[in-house]
Structures are given as C-alpha cells and as structure tokens.
C-alpha cells in the first residue's frame with residue numbers, strides 16, 4: 001500500500017509535510033508522535049483512548065472524516081481551545097482517502 | 001521524617017510492582033504520589049479500560065490490575081504519602097537522600113526510585129482572565145475537604161465523573177449546587193448521570209447546560225460567576241457563588257523533578273539500560289514510562305522488568321558487603337513483613353505399593 005501526504009502545522013506554527021503509511025493501523029496522533037512534531041508527554045497522554053484531548057487538532061482541509069464517536073464528542077466538550085473543526089488526532093485513522101489532509105495542532109493545555 | 005530503604009516516587013503499576021520485588025529482597029518501600037489514590041493513570045484516567053498485554057492476563061481492567069498489585073504487595077506493608085507531590089531532593093553525606101513534598105512531608109532513604117509515568121497530574125485550569133486572583137479565595141481545582149462547602153453556594157463545571165460525583169456529594173450539604181457543562185450529555189457512569197437528573201428534578205442541583213462559566217466576579221474573594229448559555233444569542237447572566245470548582249481533568253507535568261539535576265531527554269529521564277536503570281545521579285533510579293534509553297517502550301510490562309532489575313542494584317547499594325543469590329518464588333515463597341508466608345505446598349512423596 002502507498003503512503004499518503006499529510007500537512008501538519010505544529011504548535012509553533014511550523015508546517016511539516018510528512019509521509020504517512022496507511023497499512024500500519026496508525027492514527028493521526030501516532031503519526032505526530034512518530035515524527036516528533038510535539039514534545040513527548042504533551043501529546044497522546046492517554047495513549048489514544050479519547051480520554052485526554054492532548055492530541056486535539058484543527059482540520060483545515062475539506063476531507064470527509066469519519067463521524068465523531070460519542071467518546072470523542074464528550075472529550076472535546078471538556079477540552080479547551082475547541083473550535084468547530086476540532087478533532088482528536090487519535091480518533092482519525094490514516095486511510096488512503098486522507099491523502100493531502102491538512103491539520104494544525106491545538107495548543108497544549 | 002519517614003525513613004525507608006527505597007523511596008518510590010509514583011504509585012502507578014511500575015512503582016507498585018517495585019515494592020514486591022524489593023520485598024523479596026527484604027527491602028522496605030515507601031511511595032509518594034500526587035494523586036489521592038494509588039494506581040497512577042490506570043486509576044485516574046482509564047480504570048474501566050481493558051489491557052491485553054499483561055503477561056498471563058488475556059484481559060484485565062486497568063483498575064483491576066491496580067487492585068491485584070495492591071494485594072500482591074500488601075505483605076510487604078508499603079507506606080504511602082498520597083495527594084502530595086515530590087518537590088525537592090537533598091543528598092546527605094552518608095549517601096542517602098531526603099525528599100520533601102509540596103506539603104512539607106520529609107522522607108529519607110538510601111535509594112530513590114522515580115516511577116513517575118508522565119509526571120505528576122496537575123489540574124487543567126479553564127481559560128478565565130482573573131482565575132489566579134481567586135485561587136484559594138473561592139476557586140478550587142480539587143476537593144480535599146468537602147466540609148468547607150457546607151452551607152455554601154457552589155458552582156461546579158465539567159462533564160465527567162468527578163463533576164457528577166461531587167455534585168451529588170455536595171447536593172446534600174451545600175446551600176446550593178449548580179453544575180455547568182458545555183453539553184447536555186455527560187461523560188460519566190450511567191447511575192451518576194441518573195442520580196444528578198433525580199437531584200435536579202428534586203431541585204437540589206441546578207443544571208446549566210449547554211453553558212459555560214466565562215467570568216468570575218468578586219472583590220477579595222469570589223462572589224459570583226458569569227455563565228454564558230450556548231445559544232445563538234449567547235446570553236450571559238450572573239450566578240452568585242462562594243465557590244467555583246472547575247473539574248476539567250488532569251494533565252501530567254514533569255514538574256519539580258526536572259530541576260533535580262537529572263539528565264533529561266524528551267521530557268524523560270535518561271537511564272543506564274545496560275545495567276540497572278540508574279540515572280546520572282548514583283542512588284537515583286528511574287523506571288517505567290518516565291525513563292528513556294535506546295529502544296525504550298512505554299509499556300507496563302517493561303516497567304515491571306525494569307523494576308525487577310533496579311531492586312537488584314538497589315540491594316547492592318544498600319548492602320554493599322552482602323552477596324545475594326536470586327531466588328524463585330516457587331522455591332523461596334513470599335515472606336511478608338507482616339509475618340505472612342506464602343509458599344508452595346510440600347510435594348507428597350509416597351511409594352506405590
């Protein structure tokens with residue numbers, strides 16, 4: 001399977017265009033961690049269970065993303081700096097349909 | 001002054017298991033944790049989540065794993081300083097250390113083990129302009145002594161279990177309890193949600209949803225909060241209050257440990273993984289999610305392994321003149337400091353006539 005390209009703006013405003021595998025059962029939070037685009041301990045705190053919101057990001061492109069689960073909705077309702085385009089990176093599974101996705105990491109809180 | 005053989009900072013699964021391995025070597029442990037209960041993330045963030053990679057457990061709930069560990073280490077009578085954060089460390093001439101918490105509790109031990117996970121959990125504070133002005137003057141992020149709310153007007157914000165549970169608890173004793181949440185849905189246990197609904201119907205809890213606390217008012221101490229309804233008009237109103245308790249969860253911070261002179265890389269403590277998980281300061285070890293070395297994996301099972309090797313080194317440091325031979329528990333059993341003994345039943349040796 002082929003890699004896709006994803007544009008990630010980190011918390012300092014720096015844009016990174018990274019290759020993301022779609023055959024490794026990976027999510028967006030894990031991708032950010034694998035490229036170390038946010039310091040360890042500030043992202044993916046709960047490991048990816050939609051229970052901490054440390055991987056919150058803003059989706060900038062018009063890609064059709066999977067619906068938010070109840071757990072994601074509820075967690076975002078308690079998070080800070082939430083915008084209408086906020087998502088939890090750990091709940092966004094990397095698939096070929098997401099090629100060209102553009103996201104920005106939400107501030108640390 | 002609390003004195004022990006091994007002082008463990010962090011009472012998560014790794015710290016707890018270290019008590020067991022130390023106990024097998026007849027070393028006593030004391031644990032410090034910023035949270036009010038043992039278990040670390042397993043208890044605080046995901047007690048109801050199943051874990052599938054604990055050797056020998058095809059599936060175990062995180063909370064259950066903590067209960068099991070507590071049972072396993074009970075014979076070794078560990079001491080606990082809970083709800084306090086390790087703040088400073090001091091080395092003494094005799095090679096031992098004194099660790100003092102943010103509340104001034106002092107602990108002395110020849111070996112200090114940092115099993116701090118991602119750091120100590122600090123409350124996540126809402127983004128309100130004059131928040132710090134009212135801290136300790138009506139704004140609290142954790143409920144330590146519920147009695148201070150008796151007869152008072154309390155506003156709680158949040159949508160998780162702690163917001164629900166404390167609203168229920170305080171409904172019986174405070175003069176007024178108001179619960180403010182950004183959504184109509186809550187993220188808590190079903191029976192808590194139902195209980196809050198019942199108390200709301202009885203008029204014992206005022207529920208403001210979907211709404212948000214957007215401001216704080218008061219001269220010296222808190223007198224009212226500004227609540228904004230999540231409608232298109234976004235109308236705001238004042239709600240008189242003596243206390244505002246925002247419960248938006250906790251986020252881990254490395255905190256004061258970062259200033260202890262330890263080598264830090266990627267928010268983690270560098271250790272010698274070829275030998276004993278000792279840090280750059282002899283006598284201070286780091287195990288579990290908080291350490292880093294080439295190939296590190298942040299898994300509970302790796303923390304258990306690190307704890308086991310660490311105590312061997314700690315033993316040598318505490319008893320430099322003693323020779324120690326590792327004993328299997330199948331052979332030596334488990335002899336608790338409480339006098340309890342667990343051991344394999346003697347084999348029956350009998351001839352067949």
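The values are calculated or read from the model by the stated rules, or taken from the named source; none is laboratory data. No experiment lies behind these values; they were computed from the predicted model shown. Note: ideal-geometry Cβ built from the backbone for every residue, glycine included; neighbour counts use all protein chains shown.
Every residue in the stretch B:313-328 that is touching a residue at least 60 places away in the same chain (Cβ under 8 Å) and either in contact with a strand residue (DSSP E or B) (Cβ under 8 Å, 6 or more places away or on another chain) or surrounded by 16 or more Cβ atoms within 10 Å (Cβ to Cβ) (or both), please. Break it down into steps so the answer makes sense when it comes.
Within the stretch B:313-328, the first condition is being touching a residue at least 60 places away in the same chain (Cβ under 8 Å), and the residues that meet it are B:314-315, B:317-318, B:324, B:327.
Of everything in the stretch B:313-328, those that are touching a residue at least 60 places away in the same chain (Cβ under 8 Å) and either in contact with a strand residue (DSSP E or B) (Cβ under 8 Å, 6 or more places away or on another chain) or surrounded by 16 or more Cβ atoms within 10 Å (Cβ to Cβ) (or both) turn out to be B:314, B:315, B:317, B:318.
Checked against (1) touching a strand residue (DSSP E or B) at 6+ places or on another chain (Cβ under 6 Å); (2) at pLDDT 95 or above; (3) assigned to a loop (DSSP other than H, G, I, E, B), residue A:58 passes all but condition (3). Taken over the stretch B:210-241, residues that are more than 11 Å from chain A (Cβ to nearest Cβ), within 32 Å of the chain's Cα centre (by Cα), under 26 Å from residue B:187 (Cα atoms) and assigned to a loop (DSSP other than H, G, I, E, B) amount to 1. Just to verify a result, which residue in the stretch B:143-183, among those that are assigned to a loop (DSSP other than H, G, I, E, B), touching a strand residue (DSSP E or B) at 6+ places or on another chain (Cβ under 8 Å) and within 13 Å of chain A (Cβ to nearest Cβ), is farthest from residue B:247 (Cα to Cα)? It comes out as B:182.
Mind listing whichever residues of the stretch B:252-295 are part of a helix (DSSP H, G or I) and within 14 Å of chain A (Cβ to nearest Cβ)? Give the derivation first.
Our first condition is that a residue be part of a helix (DSSP H, G or I); within the stretch B:252-295, this holds for B:255-259, B:288-290.
Of everything in the stretch B:252-295, those that are part of a helix (DSSP H, G or I) and within 14 Å of chain A (Cβ to nearest Cβ) turn out to be B:255, B:257, B:258, B:288, B:289, B:290.
For the condition buried (at least 21 other Cβ atoms within 10 Å of the Cβ) and within 11 Å of the chain's Cα centre (by Cα), residue A:89 qualifies.
In the list B:261, B:215, which residue meets the criterion of being in the same structural domain as residue B:115 (by TED's automatic domain parsing) and either out of contact with any helix residue (DSSP H, G or I) (no Cβ under 6 Å at 6 or more places or on another chain) or buried (at least 16 other Cβ atoms within 10 Å of the Cβ) (or both)?
Values: B:215 fails: in the same structural domain as residue B:115 (by TED's automatic domain parsing).
After applying the criteria, what remains is B:261.
When residue B:194 is tested against the conditions (1) within 23 Å of residue B:40 (Cα to Cα); (2) more than 14 Å from every other protein chain (Cβ to nearest Cβ); (3) not in a loop (DSSP other than H, G, I, E, B), the lone failure is (1).
Taking the conditions exactly as written (at pLDDT below 90, out of contact with any strand residue (DSSP E or B) (no Cβ under 9 Å at 6 or more places or on another chain), within 14 Å of chain B (Cβ to nearest Cβ) and surrounded by 17 or more Cβ atoms within 10 Å (Cβ to Cβ)), does residue A:52 satisfy them or not? Considered against the rule, which asks whether it is at pLDDT below 90, out of contact with any strand residue (DSSP E or B) (no Cβ under 9 Å at 6 or more places or on another chain), within 14 Å of chain B (Cβ to nearest Cβ) and surrounded by 17 or more Cβ atoms within 10 Å (Cβ to Cβ), residue A:52 comes out as no. Kindly check whether there is at least one residue in the stretch A:39-47 that is more than 14 Å from chain B (Cβ to nearest Cβ), part of a loop (DSSP other than H, G, I, E, B) and closer than 25 Å to residue B:186 by Cβ. No, the conditions are met nowhere in the stretch A:39-47.
Output yes when any residue across the stretch B:113-127 is in the same structural domain as residue B:27 (by TED's automatic domain parsing), modelled with pLDDT of 95 or more and in a strand (DSSP E or B), and no when none is. Looking for residues that are in the same structural domain as residue B:27 (by TED's automatic domain parsing), modelled with pLDDT of 95 or more and in a strand (DSSP E or B), one finds at least one in the stretch B:113-127, hence yes. Scan the stretch A:70-79 and give yes if some residue there is surrounded by fewer than 14 Cβ atoms within 10 Å (Cβ to Cβ), within 12 Å of chain B (Cβ to nearest Cβ) and free of Cβ contacts under 8 Å to residues at least 24 places away in the same chain, otherwise no. Yes, the stretch A:70-79 contains at least one residue that is surrounded by fewer than 14 Cβ atoms within 10 Å (Cβ to Cβ), within 12 Å of chain B (Cβ to nearest Cβ) and free of Cβ contacts under 8 Å to residues at least 24 places away in the same chain. Hey, any hits in the stretch A:52-63 for a residue that's touching a helix residue (DSSP H, G or I) at 6+ places or on another chain (Cβ under 8 Å) and over 27 Å from residue B:50 (Cα atoms)? Scanning the stretch A:52-63 turns up at least one residue that is touching a helix residue (DSSP H, G or I) at 6+ places or on another chain (Cβ under 8 Å) and over 27 Å from residue B:50 (Cα atoms). Candidates in the stretch A:21-37 are the residues that are surrounded by fewer than 22 Cβ atoms within 10 Å (Cβ to Cβ) and in contact with a helix residue (DSSP H, G or I) (Cβ under 6 Å, 6 or more places away or on another chain); of these, the one that is farthest from the other protein chains (Cβ to nearest Cβ) is A:22. Checking each residue in the stretch A:1-23 for being on the phi < 0 side of the Ramachandran plot, in a loop (DSSP other than H, G, I, E, B) and without any contact (Cβ under 8 Å) to a residue 12 or more places away in the chain picks out A:12, A:14.
Within the stretch B:270-280, is there a residue that is closer than 30 Å to residue B:307 by Cβ, touching a helix residue (DSSP H, G or I) at 6+ places or on another chain (Cβ under 6 Å) and modelled with pLDDT of 95 or more? Quick ask: steps written out before the conclusion?
Just the residues of the stretch B:270-280 that are closer than 30 Å to residue B:307 by Cβ, to begin with: B:270-280.
Going one step further and asking which of them are touching a helix residue (DSSP H, G or I) at 6+ places or on another chain (Cβ under 6 Å), we end up with B:276-277.
Those still in the list that are modelled with pLDDT of 95 or more too: B:276-277.
There is at least one residue in the stretch B:270-280 that is closer than 30 Å to residue B:307 by Cβ, touching a helix residue (DSSP H, G or I) at 6+ places or on another chain (Cβ under 6 Å) and modelled with pLDDT of 95 or more.
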